[in-house]
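Take a look at the structure below.
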Amino acid sequence: MKLKKSLGQHILVSKGVLKKIASCIDIEKKTVIEIGGGTGNLTRELLEKNPEKLIVVEIDREMVEVLRSINRENIEIVNEDASTYEFCKHGKDLVVIGNLPYNMYSLIIENIVRHHYCIREACFLLQKEVSERIVGKINVGWLSLLVRTFYRVEYIMTVPSRFFKPPPKVNSGLIKLKRLDKCPVVDIDKYVWLLKKLFSNRRKMLKNKINEDILIKCKIDPKARAEKLKPENVLCIYNYMEEAKL
Ligand code: SAH
């Protein structure tokens, strides 16, 4: 089969790595959603772990045909886009796993966080740099802060590009998300809007984007730039804005 670059189709061929990803989270007897099943390499390893049910969300019709040849009672293949998919229709306590398409990861992860109330844990393989940004190690951006407001994030391991077919240009990094006990945001649209505003024109000082009084109340240096922010800082700004109905 011809792989589609536009859909980020890089097939993971190392059995050892596939097994590692499948055991990133204990999925026995759980409802699991896999994103981007592709040819089913990871799908098969996930089934080995005896989930209660495995739902595979795959955008590419051709791949869906391949996946439908996996003959198991507890699997459901859906031909949909994971960046708009309604995850919560499958239950209230879901696990999401996937070797994500590297050109679409941002919209997909945003969609995951928007469904945090039904997704307890997740494990993603992403470009190494993207994984490092999300865990907050380098170059933090709005997506990293969004994820870390709702989930504790852990970097699990690096996967060299030679384990893929075709090999991507960069190495990959596996990360694990575990939902925090408190979900502190009521209006997630507003929270995402605020994050994007804070990170627009990254070089501008925060006081040029947000009322200086709020920054001071939240003990944030008005002259700092967005990359210095931590999830609790953004939450503080959000809460003051909610209070003041801004
Ligand atoms: N899981 C396989 C393939 C990973 S490649 C493996 O590990 O080998 C990424 C997969 O995501 C591809 O099959 C691609 O078709 C699919 N994909 C790309 N964009 C998607 C989207 N928006 N929603 C769901 N699947 C998507």
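Identify, please: which residue in region 100-139 is surrounded by fewer than 19 Cβ atoms within 10 Å (Cβ to Cβ) and of a type in the set (Ser, Thr, Tyr) and is, among those, modelled with the lowest pLDDT?
So, considering only residues that are surrounded by fewer than 19 Cβ atoms within 10 Å (Cβ to Cβ) and of a type in the set (Ser, Thr, Tyr), the one modelled with the lowest pLDDT is 102.
Every residue in region 50-75 that is over 11 Å from residue 37 (Cβ atoms) and either free of Cβ contacts under 8 Å to residues at least 24 places away in the same chain or among the polar types (S, T, N, Q) (or both), please.
50, 52, 61, 65, 69, 71, 73, 74
Working only within region 228-246, note down all residues that are over 27 Å from residue 115 (Cβ atoms) and either assigned to a helix (DSSP H, G or I) or in contact with a helix residue (DSSP H, G or I) (Cβ under 6 Å, 6 or more places away or on another chain) (or both).
Within region 228-246, 228 is the sole residue that qualifies.
Sort through 18, 94, 3 and tell me the only one that's closer than 21 Å to residue 160 by Cα and in contact (Cβ under 8 Å) with a residue 40 or more places away in the chain.
Selected residue: 3, the only one of 18, 94, 3 that is closer than 21 Å to residue 160 by Cα and in contact (Cβ under 8 Å) with a residue 40 or more places away in the chain.
Just give me the residues in region 207-220 being under 20 Å from residue 243 (Cα atoms), of a type outside the set (Lys, Arg) and not in a loop (DSSP other than H, G, I, E, B), in sequence order.
Correct list: 212, 213, 214, 215, 216.
Taking residue 43 as the residue in question, decide whether it is within 11 Å of the ligand (Cβ to nearest atom) and either open to solvent by 60 Å² or more (accessible area, probe 1.4 Å) or part of a helix (DSSP H, G or I) (or both).
Yes; evaluated as a whole, the condition is true for this residue.
On the given criteria, is residue 71 modelled with pLDDT under 95 and either under 19 Å from residue 47 (Cα atoms) or of a type in the set (Ser, Thr, Tyr) (or both)?
Considered against the rule, which asks whether it is modelled with pLDDT under 95 and either under 19 Å from residue 47 (Cα atoms) or of a type in the set (Ser, Thr, Tyr) (or both), residue 71 comes out as yes.
Which of the residues that make up region 21-40 are crowded, with 17+ Cβ neighbours inside 10 Å and either of a type in the set (D, E, K, R) or more than 7 Å from the ligand (Cβ to nearest atom) (or both)?
Once the filter is applied, which keeps residues that are crowded, with 17+ Cβ neighbours inside 10 Å and either of a type in the set (D, E, K, R) or more than 7 Å from the ligand (Cβ to nearest atom) (or both), region 21-40 yields 21, 22, 24, 25, 27, 30, 31, 32, 33, 34, 40.
Pick from region 160-206 the residues that are outside any strand (DSSP E or B) and of a type in the set (Val, Ile, Thr): which of them is farthest from residue 22 (Cα to Cα)?
Ranking the qualifying residues of region 160-206, first place goes to 186.
Here is a check on your reading of the model: is residue 59 among the hydrophobic types (A, V, I, L, M, F, W, C) and either open to solvent by 10 Å² or more (accessible area, probe 1.4 Å) or not assigned by TED's automatic domain parsing to the domain that holds residue 109 (or both)?
Answer is yes for this residue.
Among the candidates 188, 119, which residue alone is away from the ligand (no atom under 15 Å from the Cβ), under 21 Å from residue 32 (Cα atoms) and either in contact with a strand residue (DSSP E or B) (Cβ under 9 Å, 6 or more places away or on another chain) or touching a residue at least 60 places away in the same chain (Cβ under 8 Å) (or both)?
None of the other options fit; the residue is 119.
Residue 80 is checked against (1) within 24 Å of residue 130 (Cβ to Cβ); (2) more than 8 Å from the ligand (Cβ to nearest atom); (3) open to solvent by 20 Å² or more (accessible area, probe 1.4 Å); (4) not in a helix (DSSP H, G or I) and fails just one. What number does that condition carry?
Answer for residue 80: the failing condition is (2).
Please find, among 49, 15, the residue that is surrounded by fewer than 22 Cβ atoms within 10 Å (Cβ to Cβ) and within 12 Å of the ligand (Cβ to nearest atom).
15
The values are calculated or read from the model by the stated rules, or taken from the named source; none is laboratory data. This one's a predicted model, so the numbers in the text were calculated from it and none came from an experiment. Using ideal geometry, Cβ is built from the backbone for each residue, glycine included, and neighbour counts are taken over all protein chains shown. Calculation scope for accessible area: heavy atoms of the full protein, side chains included, ligands and nucleic acids excluded. Shrake-Rupley method; radii C 1.70, N 1.55, O 1.52, S 1.80 Å.
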